[in-house]
Structure formats: structure tokens, C-alpha cells
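Let me begin by presenting the structure, written as C-alpha cells, before commenting on it.
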Amino acid sequence: MSRIFVTGGSGRLGRSVVAGLAAKGHQVISVDRDAVPADQLPAGVVQETADLLAPGEALRLLQETTPDAVIHLAAIAVPFSAPEDVIFATNTRLAYTVISAATELGVGRIVTASSPTVLGYGSPAGWLPAGFPVDERTTPRPWNAYALSKLIAEQTQQMFAAAQGDRIRYAAFRPCYVISPEEWEGAPTQQGHTVAERLADPGLSAPALFNYVDARDVADFLDLLLQKMPSIPNGETFFVGAADALATAPLAELMPKFLPGSDALSAGLTGTSPAFSIAKARQLLGWEPRRSWRTELKSTTTHETSAALVTAGTGSKEPQ
């Protein structure tokens, strides 16, 4: 088992990552500016509160905790939730500070979180990909500070991989719209509405192209990635998403309503097919998401949503 240093461990995704890795027997050091209440901290997890942007703080903590792997999640996690210059400076500095400190100390495996938003969907100037489903070969076209900061985080780990060769292994991952366990129970999602409301009103999920992932599946992905990093190409980036779309109708029907000009591009997104491919994670790592809104959603808030879920449950699963 590994000794894993997780930044942003108190966040929406971080809590599930810390819990999931601890449950698999890893020794986890969770680092964040805010602490998780002691009674909510998984057994055996060491919690450190720190500002990783303070000079020397990341290096000090890494020296004291001596991990053999780092997973960097810490960031301003929501676009436009702070001034653009603050988001850009905070996220890029955090990524560089943590990755460079871990590299300096010779930590063997370093993983950083990116975002699907690097692709540029939602741009006010309009956006269409070369085709659907999008994947890691789709050209990034970030249009806001958050998306740009995440693309730079990917490029930062690639820069260090180029300089270090195979001495240290690096990777980045793009988790889709994260849904934490309590949100299946009805807690508000990142945007303030519930999962059931996102399903009942396609317009709520359309800005993210109906992508999502269960936070526990991300933890499973990271556990597998850490195992496989020595045997896969260095500096790889992966999409991490559910095997279906967060929608009760096929995206071939929904996408043209919300993404003008996408009729032909989305025609193959039939059944439950998502707009984001996870084929690379499947092929290189053998990873498969185990959770879907169809299995995890515990309740609905409206009669219309209940009817939609029943209808959607009769659909067939299409290959990605």
C-alpha cells in the first residue's frame, strides 16, 4: 500500500478521494486550508491544515510526511466564483508549487487534477468539437481563467515529465461534473440545485454537455492509476466520467437543442451514450466506473422527474 499526500482533501471531491483511498488500505495525508470535523475523518487518515501557497509550506509538509505519491486536487474549483485573475493565479501557482516541491523531493508518483472545461464548451463566441464523443485528442480551447488554469496544470506536469524522464511518474485527470455521495441523497450540487432537478430540466446539465461522475468512482480511478503509473507512458491525461450521460433522453435528441450546429456531430450519441469518452482510461488502465445516476439516485423532488426516471430506466445501454 502507498503513503499518499492529497491536497484539497476537505473539498467535495477530496473527501471521497481520501475516504476511498483509505478504505483500500493506503496511508493518506489529507491537506487543506479547512479541516474536516474529526468525527467525519476516515480512520487512519492524517489531517494537516495549511496554506500551500505560503512560501515553503508545501515543501515543508512533504518533507515531514514523506509520501510516495501525491494527488493534487486543491484549487478554486468553480469558474467565476472569484475574480478571474485570482482564479488564474491561485490555481496555476498551486499546481506549480505542489508539483515542483514533490519533484524536488523525489516523490515517485505525482497526479494533478484538471477539468473537462479545458475543451472550451460554453464559450460565448460559440463552440463545436470536431466530433462526439470528445476525448483527450480533442483540441483544448479554454475561454475563462478557470479552464486556462487547468490546462496549465496539465502542461506543468508534462513539463516536469519531460525534464525528469522516467525517474518520476506524472499524470493528470479531468474529472467530469462531480457528484458526491450526499448529493445522491438530495443535498445541493455545486450549482445549488439537486441531481433530480438536473435530470428533470435538461437545461441545467446542458452547459456541461450532460457530463458527470460519482466522486467514489474517481477515488477508484486514482487508486488504479497509482498502481499503473510505472507501466504506462509518462505525463498522460485522462477523462474520468460516468459510462452514461446525466440525462433521461438520448443526447442525439438533446444536444442539438442546446448546442446549435451539433445535429450531425451528436447523431451517434444514442441510448445512454455520454458526450465524453473514457476509452483511454479503459484501455490503458482497465478502469470502469461502477456507479450511475440510475443506480445511485435515492429520491426525486417532482412528479415529472419521477416519471422521467422510470422512462429512462427502460432504455438500452449503448457502447461508448
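Miscellaneous remarks
- Scanning the range 112-138 for residues that are among the hydrophobic types (A, V, I, L, M, F, W, C) and in contact with a His (Cβ under 7 Å, 6 or more places away or on another chain) yields one hit, Ala113.
- Sole residue being in contact (Cβ under 8 Å) with a residue 60 or more places away in the chain, among the β-branched types (Val, Ile, Thr), under 21 Å from Leu225 (Cβ atoms) and in a loop (DSSP other than H, G, I, E, B), chosen from Val78, Val107, Val111: Val107
- With respect to the conditions (1) out of contact with any strand residue (DSSP E or B) (no Cβ under 9 Å at 6 or more places or on another chain); (2) crowded, with 18+ Cβ neighbours inside 10 Å; (3) part of a loop (DSSP other than H, G, I, E, B), Val36 lacks only one, and its number is (1).
- When Arg3, Arg60 are checked against the criterion of being surrounded by fewer than 16 Cβ atoms within 10 Å (Cβ to Cβ), at pLDDT 95 or above and closer than 15 Å to Ile110 by Cβ, Arg3 stands alone in meeting it.
- Filter result for the condition that a residue is under 26 Å from Ala69 (Cβ atoms), touching a residue at least 24 places away in the same chain (Cβ under 8 Å) and of a type in the set (S, T, N, Q), over Gln158, Gln190: Gln158
- Here is the figure for the range 215-257: residues that are within 12 Å of Gly271 (Cα to Cα) and among the small types (Gly, Ala, Ser) total 5.
- Residues satisfying the stated conditions in the range 34-75, i.e. under 30 Å from Ala145 (Cβ atoms) and without any contact (Cβ under 8 Å) to a residue 24 or more places away in the chain: Glu48, Thr49, Ala50, Asp51, Ala54, Pro55, Gly56, Glu57, Arg60
- Per-region count, the range 103-138, residues farther than 18 Å from Val240 by Cα and of a type in the set (Val, Ile, Thr): 2
- Taking the range 245-320 and the helices (runs of 4 or more DSSP H) fully enclosed by it, the elements with 1 or more residues that are crowded, with 17+ Cβ neighbours inside 10 Å and at pLDDT 95 or above are at 251-258, 279-285, 293-296.
- Hits in the range 129-149 (condition: in contact (Cβ under 8 Å) with a residue 40 or more places away in the chain and either over 21 Å from Ala279 (Cβ atoms) or hydroxyl-bearing (Ser, Thr, Tyr) (or both)): Asn144, Ala145, Tyr146, Ala147, Leu148, Ser149
- All positions within the range 133-167 that are farther than 23 Å from Arg282 by Cα and β-branched (Val, Ile, Thr): Ile152, Thr156
- Here the range 131-149 is the region considered, the condition is being among the hydrophobic types (A, V, I, L, M, F, W, C) and within 16 Å of Pro175 (Cβ to Cβ), and the residue that is surrounded by the fewest Cβ atoms within 10 Å (Cβ to Cβ) is Val134.
- Pick from the range 81-91, criterion over 17 Å from the mean Cα position of the chain (by Cα) and in contact (Cβ under 8 Å) with a residue 60 or more places away in the chain, ranking: nearest to Arg167 (Cα to Cα): Phe88
- Residue selected from the range 175-233 under the condition aromatic (Phe, Trp, Tyr) and either more than 15 Å from Gly11 (Cα to Cα) or in contact with a His (Cβ under 9 Å, 6 or more places away or on another chain) (or both), by the criterion surrounded by the fewest Cβ atoms within 10 Å (Cβ to Cβ): Trp184
The values are calculated or read from the model by the stated rules, or taken from the named source; none is laboratory data. For clarity, every value in this text was computed on a predicted model and none was experimentally measured. Please note: Cβ atoms are built from the backbone with ideal geometry, for glycine as well, and neighbour counts cover all protein chains shown.
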